[in-house]
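Values in this text are rule-based calculations from the coordinates and carry no lab data. Since this is a predicted model, take the numbers as computed values, not measurements. Don't worry about glycine lacking a Cβ; one is built from the backbone with ideal geometry, like all the others, and counts go over all protein chains shown.
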Amino acid sequence: METNFSLQQLLDPELKVAESLLQQCVHCGFCNATCPTYQLSQDEGDGPRGRIWIMRAFLTEERQPSAEEQNYLDRCLTCLACTTTCPAGVDYLHLSDIARRKIDRPLKDRALRRVLTEILPHPRRFRLSLILSALARSFVKFLPSMLARMVDMTERANKTKPLAAGTYPAQKTRRMRALMLTGCAQQSLDAEINHATVRLLTRLGVEVVVPAHAGCCGALAEHLGHHHDAQDSIRAMIKSWQPHDVDAVVINASGCGFHIKDWGFVMQDDPHFAEAAKYYAGLSRDLSEIVAQLGIASSPHVKGLNVALHLPCSLQHGQKITAQPKALLEAAGFSVSLPADSHLCCGAAGTYALLQPEVSDQLGRNKAEVLKATGAAVIASSNMGCMNHIRPAAAQPVVHLAQLLDWATGGPKPKGIN
């Protein structure tokens with residue numbers, strides 16, 4: 001794609017990167033075929049090709065996007081199905097992140113995004129907000145939509161105590177030592193996922209280290225356009241990890257995993273943390289990658305239970321991991337079904353469900369329908385956000401991959417499974 005940035009504009013490092021990314025696009029439109037929002041509206045502005053044209057226009061013309069253009073950009077899920085499809089290899093993620101940072105949003109919009117940045121990545125604040133939301137449940141019909149949806153989250157929250165910081169020794173022979181990311185919202189909404197992960201890994205011979213004060217990986221702030229907040233979170237997490245000598249960083253939330261693997265890009269201009277960020281990005285592994293490396297045996301007590309596998313966008317499109325979760329479930333003894341159009345997003349997409357509820361809910365209902373059509377007894381995913389979003393419309397119980405693999409190797413049966 002031709003760009004018309006001036007030499008003065010290209011003195012801005014971000015615009016210089018944006019120019020190279022825009023030039024990758026050949027405007028073929030293959031991306032629209034796999035874009036969830038384009039599939040819903042059939043509107044060119046709601047597809048990646050149209051959004052790239054919008055970004056090119058307002059970045060090169062040194063203006064703010066119109067209200068209509070901004071709505072098109074905000075309706076992007078950043079699911080990255082377009083990057084899987086794109087024959088030219090357009091780096092849509094980093095282009096859209098740059099564009100978001102260049103938008104001067106209205107005060108109300110800025111305030112809302114600031115609230116999300118200040119609450120969701122901080123487990124104590126988030127737990128407090130859930131408590132306050134629970135107290136407001138009787139008044140939910142009078143609340144703004146975002147707060148009403150947070151009240152709804154409290155009804156689905158698992159009351160399991162968060163996983164404590166510390167070292168969890170491997171059972172029998174130690175085969176690996178790994179740092180574990182416990183997540184932000186995950187610790188408050190469904191801490192059982194972390195407990196299941198530790199039981200599974202230690203059973204397979206991994207010594208698991210859960211650092212104190214690790215904080216947030218920075219994903220949420222980065223994709224809300226708060227780049228410096230994201231970098232601050234990354235620095236804090238790196239400092240909490242540096243005292244520990246490990247073989248890997250294991251991550252059971254695919255959205256966090258994808259962002260951490262991208263730390264090298266996010267922190268490339270930081271003279272003090274660029275190398276450390278790149279190092280930990282290289283150490284990071286999704287849980288399915290670690291378990292696949294260690295191996296898992298077939299379990300007779302799962303009795304061929306049919307599992308509908310939902311692959312999160314951050315796993316299949318972001319990290320390009322598609323084979324391991326299915327292979328692990330089958331190796332453990334489960335029967336696995338993939339839903340139709342499994343490449344399409346469920347609509348969770350981080351804070352998208354709070355910021356774009358109508359589109360998000362429609363995609364969630366669509367995903368629940370195709371998962372139901374598999375006839376499976378249970379739905380499995382690798383991302384708590386997807387699980388929490390699909391669950392209200394799902395006909396089957398929704399559990400994490402870690403919980404099923406933990407059960408298959410000797411752990412408790414996940415709640416909801418008969």
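Brief remarks on what is shown
- Here the contact order of the stretch 1-133, divided by its residue count and restricted to Cα pairs under 8 Å and six or more residues apart, works out to 25 percent.
- With 20 Å bins from 0: P(r) over the chain, alpha-carbon pairs, percent: 26, 59, 15, 0
- Between the Cα long axis of helix 145-156 and the first principal axis of the chain there is an angle of about 10°, rounded to the nearest 10.
- Residues whose placed amide H lies under 5 Å from that of Val336, excluding near-sequence neighbours: Val307
- In order along the stretch 106-114, the Karplus-derived 3J(HN,Hα) couplings, from 6.51 cos²θ - 1.76 cosθ + 1.60 at θ = phi - 60°, round to x, 3, 4, 5, 4, 5, 4, 5, 5 Hz, and Gly and Pro are given as x.
- Restricting the stretch 353-418 to trypsin sites (Lys or Arg not before Pro) that sit in a DSSP loop and have at most 15 other Cβ atoms within 10 Å of their own Cβ leaves Lys415.
- Positive-end ranking of Cys217, Ala196, Ala185 along the dipole of the stretch 166-291, with charges on Cβ about the Cα centre, is headed by Ala196.
- Coordinate range of the alpha-carbon atoms in the stretch 166-291 per principal axis, descending: 43, 30, 24 Å.
- Relative contact order, percent, the chain [alpha-carbon distance under 8 Å, six or more residues apart]: 13 percent
- Degrees between helix 48-60 axis and first principal axis of the chain (Cα, 0 to 90, nearest 10): 50 degrees
- Going from the fewest other Cβ atoms within 10 Å to the most, the residues Ile234, Ile321 appear in the order Ile321, Ile234.
- Note, ³J(HN,Hα) from phi for the stretch 222-235, Karplus 6.51, -1.76, 1.60, rounded to Hz, x at Gly and Pro: 4, 7, 8, x, 9, 4, 5, 4, 4, 5, 4, 5, 5, 4
- Taking amide H positions as modeled 1.01 Å from N, with prolines and chain starts lacking one, the residues under 5 Å from Ser284 and 5 or more places away or on another chain are Val249.
- Here's the picture: a label point sits 7 Å out from the Cα of Lys320 along the beta-carbon direction, and within the stretch 65-103 the residues with their amide nitrogen under 18 Å of it are 79-95.
- For Met176, the residues whose modelled amide H falls within less than 5 Å of its own, excluding neighbours fewer than 5 places apart on the same chain, are Glu207.
- Each residue in Met237, Met176 was given a count of other beta-carbon atoms within 10 angstrom of its own, and listing them fewest first yields Met176, Met237.
- Dipole of the chain [Lys/Arg +1, Asp/Glu -1 at C-beta], most positive-end residue of Gly50, Val307, Tyr280: Val307
- Residue by residue, the stretch 348-365 carries 3J(HN,Hα) couplings of 5, 6, x, 8, 4, 4, 7, 8, 10, x, 5, 5, 4, 5, 5, 5, x, 5 Hz when phi is fed to the Karplus relation 6.51 cos²θ - 1.76 cosθ + 1.60 (θ = phi - 60°); x denotes Gly or Pro.
- Using only side-chain charges placed at the Cβ, +1 for Lys and Arg and -1 for Asp and Glu, the dipole size of the chain relative to its Cα centre rounds to 1720 debye.
- Taking other C-beta atoms within 10 angstrom as a stand-in for reagent exposure, Tyr279, Tyr38 fall in the order Tyr279, Tyr38, fewest first.
- FRET E, pair Glu2, Glu44, Förster distance 22 Å, beta-carbon r, rounded to 0.05: 0.75
- The alpha carbon gyration tensor of the stretch 345-404 gives principal lengths a ≥ b ≥ c with a/c of 1.5 or higher and a/b no greater than b/c, which makes the shape oblate.
- Summing Lys and Arg as +1 and Asp and Glu as -1 over all other residues whose Cβ lies under 15 Å from the Cβ of Ala408 gives a net charge of +3.
- Of the residues Leu15, Gly264, Thr374, the one whose Cα sits farthest towards the positive end of the charge dipole of the chain is Thr374 (charges of +1 on Lys and Arg Cβ, -1 on Asp and Glu Cβ, taken about the Cα centre).
- For the stretch 9-102, the gyration tensor built on C-alpha atoms gives an oblate shape. Its axis ratio a/c (a ≥ b ≥ c) is at least 1.5, and a/b is not larger than b/c.
- Of Lys161/Lys303; Lys102/Lys239; Lys303/Lys326, pairs whose Cα-Cα distance is over 19 Å: Lys161/Lys303; Lys102/Lys239
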